[in-house]
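Data block below; observations after.
The values are calculated or read from the model by the stated rules, or taken from the named source; none is laboratory data. Fair warning: this is a prediction, and the values are worked out from it, not measured in the lab. A quick note on method: Cβ atoms are made from the backbone with ideal geometry, for glycine too, and the neighbour counts reach across all protein chains shown. Calculation scope for accessible area: heavy atoms of the full protein, side chains included, ligands and nucleic acids excluded. Shrake-Rupley method; radii C 1.70, N 1.55, O 1.52, S 1.80 Å.
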Amino acid sequence: MIDTDLSQRRILVCCGAGGVGKTTVSAAIALGLAKLGYRAAVVTIDPARRLASALGMADLGDEPRLVTRDRIAEAGLNVPGELWALQLDAKATFDRLVARHAPTDEDRDRILENRIYGHLSGAVAGAQEYMAVERLHELVEDGRFERIVLDTPPSENALDFLEAPERITRFIEGRALRLLLPGGRGGVARRALHFGSGAVLSVLERLTGTQLLRDISEFLAAFDGMYEGFSARAGEVRTLLRSPDTGFVVVSAPRPEPTHEALALIERLRADDYPFEGVVLNRMHGTPPSGPQPPGVLRDALAAAGLPEPDDLAARALATLDELRALARRDARARDALTESLGAAPIGQIPELADEPVDLHGLSRVTAALRS
């Protein structure tokens with residue numbers, strides 16, 4: 001899948017429901033691209049920093065870091081290209097966005113030092129999702145990387161990621177904010193907060209014990225003049241996500257709920273003209289190689305091997321095999337449902353591994369599954 005489908009896109013966006021392994025799949029795809037000779041970067045959103053540990057790094061920050069040749073050699077891997085990684089810092093990305101669009105250095109500093117901005121930059125619905133694609137845009141403009149893989153933020157609804165630019169734009173352009181702006185837009189609210197408002201604010205500050213209203217007023221005044229820039233940047237982000245350079249990979253697990261969410265996400269991607277590349281089904285259970293055995297056969301074999309309590313051991317082993325076969329049938333049904341709905345779209349499968357891929361060697365096993 002990586003060789004024939006995903007390697008053609010400069011940008012790959014891994015999205016899907018929470019808990020399906022997006023971070024691992026994103027890193028494995030980036031590793032696969034580096035194995036093909038590309039200078040590849042993966043942007044992770046994982047707050048547990050498992051990826052940093054897997055790559056042999058003490059920590060990841062907002063700036064890309066190279067996985068060293070020594071580290072790759074220790075894992076016994078042959079990687080002609082380069083693998084870089086960074087951890088999204090939504091606040092730092094928002095700060096750079098403000099600095100880019102602030103009319104003056106003074107306006108920039110007023111916003112960045114404002115307490116209201118400090119809360120809003122992380123609390124606005126869609127902020128983390130928007131900053132993820134904004135960071136992606138920055139890396140594209142940077143030009144250092146031939147391939148970039150984005151691990152999208154976890155959310156209750158995978159569709160939130162696609163709606164993030166519109167949410168941020170609606171928030172910034174919202175009437176509730178503009179009513180409080182100076183320059184004739186705010187009517188009564190403007191007069192209360194800006195025109196001769198010192199006495200009013202002083203009274204309210206004594207009542208609340210804070211400078212909340214003054215902070216709001218100063219924040220909105222400093223933000224005025226930046227709306228067009230933010231809106232234009234959101235438009236650039238939408239254009240980037242729909243461009244031929246980008247491909248969306250939906251990561252799912254072979255269970256009813258994530259499969260249902262994956263199908264809904266794929267339908268949305270196609271309806272809104274996002275370039276959908278395929279699905280990765282993670283943690284697929286395979287059918288045990290041996291067929292059902294009569295209990296007596298296994299019991300006799302265990303007894304002949306000198307194992308204690310062969311009857312009990314045989315019963316538990318057969319129960320485990322029955323459970324694995326049931327899981328394999330469930331996973332096959334999920335895969336078949338996706339195949340029927342997707343038509344010719346590729347479906348990559350990653351088997352349920354005995355050990356979690358917590359290092360480069362483990363990630364390489366996931367990469368190998370995606371290359372088959």
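Using a ≥ b ≥ c from the Cα gyration tensor of segment 1-139 (square roots of the eigenvalues), is it rounded, prolate or oblate, where a/c under 1.5 gives rounded and otherwise the larger of a/b and b/c decides, a/b for prolate?
prolate
Multiply the residue separation of R71 and T339 by 0.36 nm, subtract the distance between their alpha-carbon atoms, and state the gained length in nm to one decimal.
Separation in residues times 0.36 nm, less the Cα-Cα distance, equals 92.6 nm.
Suppose the Debye formula is applied to equal point scatterers at every Cα of segment 4-83; what is log10 I(q)/I(0) at q = 0.13, 0.14, 0.23 Å⁻¹?
One equal scatterer on each Cα of segment 4-83 leads to -0.40, -0.46, -1.23.
Which distance in Å, rounded to a whole number, links the C-alpha centroids of segment 1-70 and segment 92-120?
Cα centroid to Cα centroid, the span is 30 Å.
Rounded to two decimals, what is the ratio between the C-alpha radius of gyration of segment 218-323 and 2.2 N^0.38 Å?
2.14
Accessible area, 1.4 Å probe, largest first: how do E134, E267, E163 sort?
Result of the area sort, largest leading: E267, E163, E134.
Rolling a 1.4 angstrom probe over the protein heavy atoms, how many square angstrom per residue are accessible across segment 1-147?
40
Gain in length, A332 to D359, computed as 0.36 nm per residue apart minus the alpha-carbon separation, to one decimal in nm?
So the extension gain works out to 6.9 nm.
Taking R0 as 56 Å, what's the FRET efficiency between V297 and K91 from their Cβ-Cβ distance, rounded to 0.05?
The calculated FRET efficiency here is 0.35.
Would you mind working out the accessible area per residue for segment 237-345, using a 1.4 Å probe, and quoting it in Å²?
Accessible area per residue, segment 237-345: 54 Å².
Between E267 and D62, what length in nm is gained on full extension when 0.36 nm per residue of separation is reduced by their alpha carbon distance?
Full-extension gain reported as 70.5 nm.
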